[in-house]
2 protein chains.
Amino acid sequence: MNAGKKMLIGLHLGNGYGSQPGAWRMPGVDSKSYTSFDARVKQAQAAERGKLQFIFLPDGPGAIMADIETESPGFNLDVMLTLAAVARETEYIGLVATGSTTFNEPFNLARQSKALDIMSHGRAGWNAITSSGEDVAANYGKRIPSGEERYGRAHEVVQIIQALWGSWGKDAWVHDKETGQFAHKDQIIPINLQGKFVGSRGPLYIPPSEQGQPIIFHAGGSPNAYELAGRFANAVIGAAFTIEDARAQRNAFREAAKRFGREPDEIKYIPGLMTTIEKDRRTALDRRIQLTEHLFPQRVAYLQQMLGIPLDIKRLDEPLSKVQLDAARPSRYDPRSPHALQIAKQGWSLRDILAHGVIDYHPVIVGPGIEAADHMQAWFEAGAADGFWISPDVNSDGIDAFVDEVVPILQERRLFHQDYEGKTLREHLGVPDQYGIDPRVEELKYKTN
Amino acid sequence: MNAGKKMLIGLHLGNGYGSQPGAWRMPGVDSKSYTSFDARVKQAQAAERGKLQFIFLPDGPGAIMADIETESPGFNLDVMLTLAAVARETEYIGLVATGSTTFNEPFNLARQSKALDIMSHGRAGWNAITSSGEDVAANYGKRIPSGEERYGRAHEVVQIIQALWGSWGKDAWVHDKETGQFAHKDQIIPINLQGKFVGSRGPLYIPPSEQGQPIIFHAGGSPNAYELAGRFANAVIGAAFTIEDARAQRNAFREAAKRFGREPDEIKYIPGLMTTIEKDRRTALDRRIQLTEHLFPQRVAYLQQMLGIPLDIKRLDEPLSKVQLDAARPSRYDPRSPHALQIAKQGWSLRDILAHGVIDYHPVIVGPGIEAADHMQAWFEAGAADGFWISPDVNSDGIDAFVDEVVPILQERRLFHQDYEGKTLREHLGVPDQYGIDPRVEELKYKTN
């Protein structure tokens, strides 16, 4: 399966430090990276050196976190300004920003993402999400709408944005000094779309980019997400802890695409992978301990629930006893539990069990590069993933570690490309260029003006 | 008057070509500048070489213009992305983006403008305007609200944005690796503001910049504009054709500031000036002719109304006759009319009268640098302006012409600074740094949550 196919790899670029709590305090890390656009640019350049297809910026914007006394917020100051800086100082890597369909005007979002597409010469993607947190809504002085309303609006916003992106035809912009023709007016078309929630007349001011227009990503795993992505997305930012779950999600997105008359391969399913890459497992575990040990008291408490047995925070140095291991039952409420028990049975100390990242947001590799490569190959070949978005523990050296220790192995195994196939995100993802207005938006009511 | 004071100068940075129709077709101009961020960066760098205090980006976003067949749209693809590129590749010049309070969520606008302030190390300004065109509203699927509603919302949006900007106290961000303290949580304060039109809980994620937070500009000349600017603005992007009108506007803004308990000098009134700078008047006129001659038929028709006499498009080479000049009466409906008649009476041909820019959006200098310097000195010393925003005819060489031919004269006359006084926009404008939440926002109803 996947014979000859190559996997895609994206880099998660968040708060500038990395995905692990404590990353901002690590040796060699500039503790001011949170406000440093230089740091983001350098990190994106490291990913580009590794030929990664895209960087991916999640976004809230929810409440400031409760642990702000000791931890950085998780997001970028602003995703579009971050990608603008990166666009100017990289040449190949794709630039995918998250933007909520719930609390943005489609015209504003369409304009800024298309401008980024121009600025980056065809490397922009938009991760279209709905906002579901009351803390996000509160920042807009509102309450969160129902799921039906949020996804109803999302379907309208995506169609309006795609139409605005396509409101200049492929050859609309002439800029011919000899003839004095700036543009073909008849190829710059108002979209006149009006849905139940949002509308726009358009057109945008912006001609096509080198890839026509940006690509749509989606993140989520609900039936609503399958439907939105099935209609519009070319890639899904996924989250799954097991091959089985990932494969089920991937198939659900592929089936959804088919329901909307698309080829299943038009949606790439890309789950997350968190990495702590060092020369050996021991060194990697020690690095994770340095990063997260301050959280171990609360994590021991949670691990008790995952394994269904009492654990003693004072015995961090000791492996679990035979009695404990025999009594342990993986919690059915947390899909990470079987893996946690498996690690425990390998005889690691309680501290090292936690250092394996058994409680984290995505599968975690703590070890040499080959372990990450093996994980990725297994998932890829099992039809559980078209690629991965990588979330290094500490960006300042964790991106380089992935690029230097994992990428070459994947390339050697012919699982990852040797170089960029082109210069646009559509080329990187094998998605055809898109120009003009998708005829399928005709289902949206047209205004009579 | 103004003894020892220096004038401020800003550069209008619009579509990348310059302010004159036809600029995109001029020799030496890259006809693709409309989508070129390189071009904008180069132009901003030219202004920085001239020690200009800021660049100013107007914005709509209204309908695509009717003359798109032959002319570029007037605006930037996106003002924030343009300024992001400029921020990364300049060091001193202030960055002022227009953003509408009518069709933006305050949280989004606050976040992006504050992120720009961080990115530029304290050089951001926000030109807070209301949108009044139905063509703008249509891009949002809406109708334009009444003036009362628009300005009511604007007052709320500005207060919420200022509060969000100030939601991290001056010393809130600690980032101390030794102690492990990232921030002082008690100095990061939700704003909990809710007005009649908009609200936000906050806080933002963003610590203070080198100037604390961005500066507020306003553009407009109505009683509503005086009130909004009088409360909040540190600078006004003005439009006036005569010293008398400019002085009256400037005084109105200063009086408005006083009504809100501020010092009049806290508002800088900055009218526009359009420039075609060449070594002599004749060369400059020929340049304007090259730029705008294709519009002369419609301009002759309009000039007839301004002067109240019939004019013959076939006699472009001839001065107005004595009979015509004796019969001419400046229209009271167009404040540019007396100046147009004055130029006509100097004996210029009809073509040259038009080439003087007697029909344009702001006063126009067509001639050697000293004429621009004289104009600026006269207005400045008459209390009609605290500075000027310059709108060159063609950016690719018009900015350099201003910098090389006008700035040195103003410096020699001690009317313009020799160098930047500091590195932030507040330093450039003599506005104190601002931290925390302005106590005056307490008038907005606080939410009970």
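Below is a table of values for the structure above.
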| read-out | value |
| --- | --- |
| Unique residue being assigned to a helix (DSSP H, G or I), over 26 Å from A:GLY10 (Cβ atoms) and either polar (S, T, N, Q) or touching a residue at least 60 places away in the same chain (Cβ under 8 Å) (or both) when the list is A:LEU295, A:LEU291, A:LEU303 | A:LEU295 |
| Residues of segment A:23-70 satisfying the condition of being farther than 22 Å from A:ILE9 by Cα and under 16 Å from the mean Cα position of the chain (by Cα) | A:GLY60, A:PRO61 |
| Selection status of A:ARG123, in the same structural domain as A:VAL86 (by TED's automatic domain parsing), surrounded by fewer than 24 Cβ atoms within 10 Å (Cβ to Cβ), touching a residue at least 12 places away in the same chain (Cβ under 8 Å) and not aliphatic (A, V, I, L, M) | no |
| Yes/no for A:ASN139 being of a type outside the set (Lys, Arg), surrounded by fewer than 22 Cβ atoms within 10 Å (Cβ to Cβ), within 10 Å of chain B (Cβ to nearest Cβ) and within 17 Å of B:ASN104 (Cβ to Cβ) | no |
| Residue pairs meeting the criteria (Cβ under 6 Å; at least 6 apart or on separate chains; first within 7 Å of chain A (Cβ to nearest Cβ), in segment B:67-79; second hydroxyl-bearing (Ser, Thr, Tyr)) | B:SER72/B:TYR17; B:SER72/B:TYR34; B:PRO73/A:TYR205 |
| Members of segment B:142-160 found to be within 12 Å of another protein chain (Cβ to nearest Cβ) and surrounded by 21 or more Cβ atoms within 10 Å (Cβ to Cβ), listed by number | B:GLU156, B:VAL157, B:ILE160 |
| Residues satisfying the stated conditions in segment A:302-326, i.e. among the hydroxyl-bearing types (Ser, Thr, Tyr) and more than 35 Å from the chain's Cα centre (by Cα) | A:SER321 |
| Among (1) in a loop (DSSP other than H, G, I, E, B); (2) among the small types (Gly, Ala, Ser); (3) buried (at least 23 other Cβ atoms within 10 Å of the Cβ); (4) touching a His at 6+ places or on another chain (Cβ under 9 Å), the one test that B:GLY422 misses | (3) |
| Condition broken by A:ARG282, with the remaining ones in (1) in contact (Cβ under 8 Å) with a residue 24 or more places away in the chain; (2) assigned to a helix (DSSP H, G or I) satisfied | (1) |
| Qualifying residue in segment A:9-16 (condition: more than 26 Å from B:MET80 (Cβ to Cβ), among the hydrophobic types (A, V, I, L, M, F, W, C) and more than 12 Å from every other protein chain (Cβ to nearest Cβ)) | yes |
| Condition broken by A:ILE93, with the remaining ones in (1) surrounded by 21 or more Cβ atoms within 10 Å (Cβ to Cβ); (2) at the interface with another protein chain (Cβ under 8 Å from one of its Cβ atoms); (3) modelled with pLDDT of 95 or more satisfied | (2) |
| Some residue of segment B:321-337 being in contact with a Pro (Cβ under 7 Å, 6 or more places away or on another chain) and on the phi > 0 side of the Ramachandran plot | no |
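Here's the yes/no breakdown for (1) buried (at least 24 other Cβ atoms within 10 Å of the Cβ); (2) charged (D, E, K, R); (3) touching a residue at least 24 places away in the same chain (Cβ under 8 Å):
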| position | (1), (2), (3) |
| --- | --- |
| A:HIS184 | no, no, no |
| A:PRO190 | no, no, no |
| A:GLN211 | yes, no, yes |
| A:PHE217 | yes, no, yes |
| A:ALA225 | no, no, no |
| A:ALA233 | yes, no, yes |
| A:ALA240 | no, no, yes |
| A:ILE243 | no, no, yes |
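The values are calculated or read from the model by the stated rules, or taken from the named source; none is laboratory data. This one's a predicted model, so the numbers in the text were calculated from it and none came from an experiment. When we count neighbours, we look across all protein chains shown, and the Cβ atoms used for this are built from the backbone with ideal geometry, even at glycine.
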